[in-house]
Structure formats: C-alpha cells, structure tokens
1. Would you pick out the residues in the stretch 151-195 that are among the basic types (Lys, Arg), under 29 Å from ILE257 (Cβ atoms) and open to solvent by less than 80 Å² (accessible area, probe 1.4 Å)?
2. Counting only residues that are free of Cβ contacts under 8 Å to residues at least 24 places away in the same chain and either among the charged types (D, E, K, R) or in contact with a helix residue (DSSP H, G or I) (Cβ under 7 Å, 6 or more places away or on another chain) (or both), which one in the stretch 202-214 is surrounded by the fewest Cβ atoms within 10 Å (Cβ to Cβ)?
3. If you go through the stretch 55-67 one residue at a time, do you hit one that is touching a His at 6+ places or on another chain (Cβ under 8 Å) and not small (Gly, Ala, Ser)?
4. Taking the residues in the stretch 385-397 that are out of contact with any helix residue (DSSP H, G or I) (no Cβ under 6 Å at 6 or more places or on another chain) and open to solvent by 50 Å² or more (accessible area, probe 1.4 Å) as candidates, determine which candidate is modelled with the lowest pLDDT.
5. Checking the conditions here, which among GLY198, GLY139 is closer than 26 Å to ILE102 by Cβ, open to solvent by less than 20 Å² (accessible area, probe 1.4 Å) and either polar (S, T, N, Q) or modelled with pLDDT of 90 or more (or both)?
6. Can you name the condition, by its number, that LEU18 falls short on among (1) over 24 Å from the mean Cα position of the chain (by Cα); (2) within 22 Å of THR132 (Cβ to Cβ)?
7. Picking from ASP497, ASP430, which residue would you name as being loosely packed, with under 12 Cβ neighbours inside 10 Å and at pLDDT below 90?
8. Would you confirm, using the coordinates I've provided, whether LYS530 is free of Cβ contacts under 8 Å to residues at least 12 places away in the same chain and surrounded by fewer than 19 Cβ atoms within 10 Å (Cβ to Cβ)?
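The values are calculated or read from the model by the stated rules, or taken from the named source; none is laboratory data. Predicted, not measured: the structure shown is a model, and the values here were computed from it. Quick reminder, even Gly has a Cβ in these numbers, built from the backbone with ideal geometry, and neighbours come from all protein chains shown. Protein only, heavy atoms only, side chains kept; ligands, DNA and RNA dropped before computing areas. Shrake-Rupley method; radii C 1.70, N 1.55, O 1.52, S 1.80 Å.
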Amino acid sequence: MPQDAFTLKYLCEELNSLFSGGKINKIVQPDGDRIVFTVYTGKCCEKLLLDVNPASPRIGVIDREVDGPLTAPNFCMLLRKHLLSATIESISLLGFDRIVKIDLIPTAEFFDDPKKVLYVELMGRYSNIILTQEGKILGGNRGINMLGDFVRPLICGKPYVLPPSNSKLPPYDENLVPLFVMDDTSDYAKKLAGLVQGLSVDTAKEILLSYGKNPSDNPQEFFEHLNTFIYNSNVKPCVLTCDGQVKDVFVYPYHGINGDLKVFDKLYKAEDFYHSERERLKSFKTLFDRLNSIINTALKKAKKRLNAIRLKESEALNLEDNRIKGELIMANIYRIKQGDSQIIADNYYDGSKMTITLNPLLPPQKNAENFYKKYAKQKRALQSILPQKEQASSEVEYITSISDYLALAKDITDLKMIRDELKNYGLIKDDGVKKRDTDKTFCRVYDVKGFTVKVGRNNTENDKLTFTARGESTWLHAKDYHSSHVIIEYDGKEVPDPVIVIASEICAYYSKGREGGKVEIVYTLKKNVKKPPKSKPGFVTYASYKSINVNAQEHSEFLKTD
C-alpha cells in the first residue's frame, strides 16, 4: 500500500479541512497502538484515529464507536490531561516525510497554557505518537525509537528530534537534479524511492509512467514533473480490489494497477474502507482457523472412538462360532479324552468339518463351558456396543455437518453462530461472560419474484427456521449432503416452478455438494418434516417429497440486505 508522504499530503489536507477549529470532547486508547479523538467540528462529532500499529500505521476518520479499557493507559491519561477540550488548530504533513503534525490550542481555562503539538510518526515499526510543548517532549506512546544505527531517546523534558532522513532529499530540493542521471536504469523506480524523501516504490513507478521518458535524458525537466505530480495531482480516491479482497488504496487510479476500483469522494473514506475490510478479513480468518482447529480435533477424536467401537464389534461378531464350538464339544464329549489338544467334529449346521482347539489341562466339559462363557460375554458386549456405535456415528455425522457449515461461512456473523453452536455442544468452554449481541439478523433472506425465501446458516438456525415456519411453507434440502434448510414462506399462493428452481439453486449453493456439478434438491411442505426425539440440531426426517436437479447459484441479486 502506498501510504507514503504523497498519499499523506492529500490526506492531511482533507483532515485539516474537516477538523480545523474542532474541539476534542473525548479521548480513548483502545489498545497500545490506537488513539481515538472524538472531535466536535461545529456541526457534528467526528472520530479522528491515530494508529501506530507497525503492520499498518495510519491516521484517518472512523465512523464506529470504540470502547477503551476500564483503566486508561498512562499515555491516554496524559493526553486527557493536556488535550481534553483543546481546539485543533491545524493538521499538516511535516516537511515531506511520513510525519503528521497536529497543532492544538488548549482550553481557555488556563490562559498561560502554551500550545501543544502532537507528532504522529507513521514509519512502519518505528511508528509513534509524541506529545510536545514548546518543542519539548511531554510523553510518547513508545519510549525509545531505534532507526538503524541511530538511537533517538524520547525523554520527557528533552527537545523533540526528528527521525533521520537516511540521506534522502525532499522532492523540492534542487540537489536532486544531478542524482536523476543514472547509468543503470533497470530498476529506476526503486532507486528513485531511495533518493526522494517519503516516496514509496508504487508512487515512484506511477511518476515514471506519467513522465513517459528516461529521466536521465533531461533531469531538470523530470525534477519539474516530479513536483508537478506531487503537488498538483487530480485527486480521485479509490480502493483496488482483486477477487473480492482489498489490495490497495490510492490518491487516484494509478496506471500500473490491475483489478477493480471502488471510487470514493474523500481519501479518508477510501482509507477507512480499506482498513475496515482488512480488519474484517483478518478477524474472519483468525476465527475461522480457530473454529476449524477445534472442529478437526473433535472430529478426529470422534472418528477414533467410532473405529475403536467398530473393532470391538468385529471381535464380538464371532460369538456364534463360540456357541457352536461349545455345542459340538458336548455332542462329541464321549470321543474326547482329557489331554486332547483338539477335536475335528462334524458341524451339523452347515455339514462342514470344524477343528476345535482344546485346553489339554481341562476336562472336555470345562472346555465347552469356556466357549459358552465367551459366547455370553460377546453377546453382552454386542448388545452394549450397538447403542455406543449409533451414538458415535451420530456424533461423527453431526461434527462433520458443522465442518461443512464452516466451509460455507461467508462472514463473521456466520462464524459467530457456529462458535455458539460449538459452545452449546461443549466443544468450546463458555467463559460465562454475557456479551451484548450486536448481530440482530436471523438467517439469510431472499425476495424471489415476490416470495420470501429464508436460508439457515448452521444446524441451530436450521432447526429454528424449519420449526417456526408455517406448515404450508415449502421446505428444501440437498439430498445426501449437508446443506442449509431453505423455507419458501407460504402467503396463500401456490409456489410457481421458477421460484422452486431459484430456491433450489440457492439451497445447492449452501450445500456440501455445490462443487460437484448438479445437486439433487428435495422439497416438500414443512408439515411433512419431523424432528426425531433427542436428535442432534439440524437433523430431521421428511416424507412425501419431490426432487429437482440443479446447478448451485448464489443468486445474490435476490438477497435482502436490510
């Protein structure tokens, strides 16, 4: 992302226009990297975000509420002491580097209180927020900045010192002109970014593309082009997306980028959208990976238990052999002498010859009793194994269904519902803390040719959706696959075939079989759907159904977003 001085220059102009003259009403520090100022701008309250997270440092505007910890950090308390009720005089870029300077006028309560300056250094892992008064440091978000071999101590009461420029020059410095003459121009953009202060490689590439010639041929002309580009660009903020994921945010559409562009009227809105989407995707991936790990571990244990039960079952299946052996010993007891190690007897059940191994230390009758005891033990074991096998199979099937719904999850709300289902099932320990549920949506709702089509997102929601629907509503499900339950709500009219087809395609899309071509969808009236007693969430039985084979389609054009 080209979050360089070129981008920050235009961003600071927008922030200055928005916040200049505004009064700071609230200061919150949600975590160690972020500070949020709530500023009354004369018409409404806007939130100014200062984020020095090394992975994505930024300054911008957010439109959502941010809560701080119960005990405010020391730096937050320092900012509240000096800046609450202060007026923002200006927001500007310091020189041409990734440092934003915020000039503040303290409240008029103390007439001798001097102005304060807040420096927001957006420099990767060296990012920092530093509060100063009359050039001296009052406090900082981090104590010491170490830039390469340069150590810059940030000590309260000492003068604020700018970070080193690493021999780079600002774009308006005439000393750059002779440096633009290069013998090797194979990677001119990277070299240009190494010469000009606050310039990213992406922006350097755009400058060269817009120039269209070799800067070494006329370095003075290129110098003038460089400054014209930086200080007189036509702003058209946009966010680059590829395959539905945000990639970059730009002051205007760069010529060297490929993908879809989402245009905004303000750069700070584009940046907020970009960062919000990144945070959303990061949160989704983090929770997805956690739930996937929990489900896979539980599924592995359930399958291991089922295999152990099946092994016991296979061992117990030869119980009839032991009973027959006992009977044959008793039938041929007159032929057996103590000390015999085996007997070959006619099996009168199938006419075959059966070789029976004997314990020569025991009398014949005792050998028969041992086979009868084994038979009785195996019979009892088999009787106890059958319900265990049924329960273990049900558990494997249920956990597999949760895994399938996880694979179909589209947003963080879907994941949270799966997490709640895992909590109810006991796979995630409930922390006992009740959190306010901000997600008020229930199921996915489509408007298909005047009919309301509802789609469940997990087992729990499937049960709720199915068994709160009216009996005359149409119920759909993928045959032989785990899938969402789909309801076409009854409104007194017969559901036409085109609606059935579209609802079936949606059902196929939210099924495990959507990657395998056509999916068979069964549909019936909801009154024909029953839930067996004590069955797992999402499990139902149905009768009197019809079926249709369709290709999976999301049909987002019918999805209601209200």
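1. Of all residues in the stretch 151-195, those among the basic types (Lys, Arg) come to 152, 158, 168, 190-191.
Still in the running and under 29 Å from ILE257 (Cβ atoms): 168, 190-191.
Listed by number, the residues that qualify are LYS168, LYS191.
2. Step one: list which residues in the stretch 202-214 are free of Cβ contacts under 8 Å to residues at least 24 places away in the same chain, which gives 204, 207-208, 211-213.
From what's left, either among the charged types (D, E, K, R) or in contact with a helix residue (DSSP H, G or I) (Cβ under 7 Å, 6 or more places away or on another chain) (or both): 204, 207-208, 211, 213.
Working: ALA204: 23, ILE207: 24, LEU208: 20, TYR211: 16, LYS213: 11.
Only one residue tops the list, namely LYS213.
3. At the first step, the residues of the stretch 55-67 found to be touching a His at 6+ places or on another chain (Cβ under 8 Å) are 56, 58, 60.
Okay, now just the ones that are also not small (Gly, Ala, Ser), so 58.
Yes, the stretch 55-67 has at least one match.
4. Across the stretch 385-397, the extreme among qualifying residues is LEU386.
5. Numbers: GLY198 fails: either polar (S, T, N, Q) or modelled with pLDDT of 90 or more (or both).
Matching residue, one of GLY198, GLY139: GLY139.
6. The failed condition is (2).
7. Working: ASP497 fails: at pLDDT below 90.
That would be ASP430, the only listed residue that is loosely packed, with under 12 Cβ neighbours inside 10 Å and at pLDDT below 90.
8. Values: free of Cβ contacts under 8 Å to residues at least 12 places away in the same chain: no; surrounded by fewer than 19 Cβ atoms within 10 Å (Cβ to Cβ): yes.
In short, no.
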